[in-house]
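The values are calculated or read from the model by the stated rules, or taken from the named source; none is laboratory data. Predicted, not measured: the structure shown is a model, and the values here were computed from it. Counting neighbours? That spans all protein chains shown, and the Cβs are built from the backbone with ideal geometry, glycine included. In case anyone asks, the SASA skips ligands and DNA or RNA and just uses the protein heavy atoms, side chains included. Shrake-Rupley method; radii C 1.70, N 1.55, O 1.52, S 1.80 Å.
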Amino acid sequence: MIDNSTRDDLIKLRRTLHKSPEISGKEHETSLRIKQFLSAFEPDELLEYIGGHGIAACFYGQDPGPSVLFRCELDALPIQEVNKLPYASKNKGVGHLCGHDGHMTILAGLAAFISQNRPTKGKVIMLFQPAEETGQGAYLVTQDKRFESKLKTDYAFALHNIPGVQLGKIVWKPDTFASASRGFIAQLHGKTSHAGEPENGKSPALAMANIIQTIEGLPKNETFNKFTLTTVIHAVLGERAFGTTPGEGVVMATLRSWLDEDMQKLTAKAEENVKENCQKYNLSHEIEYVEDFPAAVTHPEALKIFQKVLDTRNFEHEELKEPYRWSEDFAHFGKHAKAVLFGLGSGKLQPQLHNPDYDFPDQLIEKGVEIFASLYLELQNASN
Ligand SMILES: [Zn+2]
Ligand SMILES: [Zn+2]
């Protein structure tokens with residue numbers, strides 16, 4: 001679906017992006033580079049600064065018809081790359097170690113294809129979303145005032161490369177594809193006193209110990225509809241001061257679930273426990289949530305179109321037995337469009353995502369373009 005010179009340009013683009021990674025919310029150069037690359041394909045409209053550094057290339061058909069959005073991510077990770085590659089990251093402590101450089105290149109390739117095969121009806125959007133890794137970007141895009149008028153579509157598709165799965169093999173799943181997750185932070189406030197007189201202070205120590213145990217035990221001690229998981233990731237009590245009874249404590253945990261309704265219950269139970277313990281030990285508290293991802297749920301109608309493309313185009317694919325435990329903020333688009341998030345194998349021996357030696361395989365670029373272009377053509381032909 002792409003010619004040799006476009007293929008070369010795409011590989012060059014992927015490596016340039018890889019060399020200059022930027023963390024979530026700071027994708028300044030990356031979005032400029034993408035903008036330059038996309039301009040050559042003369043989209044009908046090029047939207048900038050969507051939900052931060054987001055960019056969208058829009059192609060419009062003359063007649064009414066189905067609208068579709070394809071989405072990729074602009075951001076890299078605050079992790080030092082260890083690969084010795086000519087195009088290895090030149091930004092210290094930052095690396096494209098989740099393959100978003102590859103995902104962007106796939107959408108750039110799709111733009112190249114669409115510029116040669118413009119829509120006759122409906123519209124097609126290639127969205128380069130900021131800040132996926134922190135779970136903020138997709139939500140901010142949906143909050144942008146242009147989302148409702150320009151970016152809301154009937155369908156939305158996105159892929160993520162999956163290390164450990166055979167190169168180029170597509171993995172998909174009805175219902176939940178990737179889990180909901182949220183960062184839970186409980187700040188406990190008591191009162192310091194001399195360590196020799198703990199009775200004059202209010203130490204959060206025992207409350208913290210209970211909270212940690214209870215939160216870790218929630219999945220097995222409460223009833224949920226489907227899988228849930230809690231991981232206490234950080235806890236601090238007082239200071240390294242042997243003469244002081246601690247007065248402050250914090251517990252952080254990541255909560256996960258396959259279903260959004262189970263996440264609500266998990267959250268409520270965790271909050272309830274913090275409250276009970278603070279009452280018991282005479283502490284005040286605050287609860288905060290960060291990195292909030294809904295579950296990425298496959299829409300049955302969009303899945304039908306997706307499956308038709310898989311079968312008619314003979315793509316190698318497999319239905320997952322279980323949802324992934326990780327989260328993807330593409331889930332937010334599933335609240336506004338009939339969405340499918342699917343996986344594309346990046347090789348059995350490929351280092352796992354976020355590992356310091358990860359590098360997106362260039363062979364996947366064309367495969368990704370082919371899948372998205374086939375979905376686009378299917379939708380263009382569907383209502384004929
Ligand atoms: Zn990632
Ligand atoms: Zn990723």
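Tabulated results
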item: Residues (in contact with a Phe, Trp or Tyr (Cβ under 8 Å, 6 or more places away or on another chain) and farther than 19 Å from L375 by Cβ) located in the stretch 332-352; result: H332, S346, Q350, P351, Q352
item: Residue in the stretch 82-101 that is open to solvent by less than 10 Å² (accessible area, probe 1.4 Å) and assigned to a helix (DSSP H, G or I) present; result: yes
item: Single residue of the stretch 59-81 satisfying the filter (within 16 Å of ligand 1 (Cβ to nearest atom) and over 16 Å from the mean Cα position of the chain (by Cα)) that is most open to solvent (accessible area, probe 1.4 Å); result: Q80
item: Qualifying strands (runs of 3 or more DSSP E) (wholly inside the stretch 287-384; at least 2 residues being out of contact with any Ser or Thr (no Cβ under 8 Å at 6 or more places or on another chain)); result: 317-319, 338-345
item: Scan of the stretch 188-212 for residues that are in a helix (DSSP H, G or I) and closer than 15 Å to V250 by Cα, ordered by number; result: A205, L206, A207, M208, A209, N210, I211, I212
item: Unique match (being within 16 Å of ligand 2 (Cβ to nearest atom), touching a residue at least 60 places away in the same chain (Cβ under 8 Å) and crowded, with 20+ Cβ neighbours inside 10 Å) among A180, A158, A108; result: A158
item: Of residues in the stretch 1-31 being more than 22 Å from P86 (Cβ to Cβ) and touching a strand residue (DSSP E or B) at 6+ places or on another chain (Cβ under 9 Å), the one most open to solvent (accessible area, probe 1.4 Å); result: I23
item: Matching residues, the stretch 185-197, being out of contact with any Pro (no Cβ under 9 Å at 6 or more places or on another chain) and open to solvent by 70 Å² or more (accessible area, probe 1.4 Å); result: K191, H194, E197
item: Meets criteria (closer than 22 Å to S327 by Cα, modelled with pLDDT of 95 or more, small (G, A, S) and in a strand (DSSP E or B)) for G249; result: no
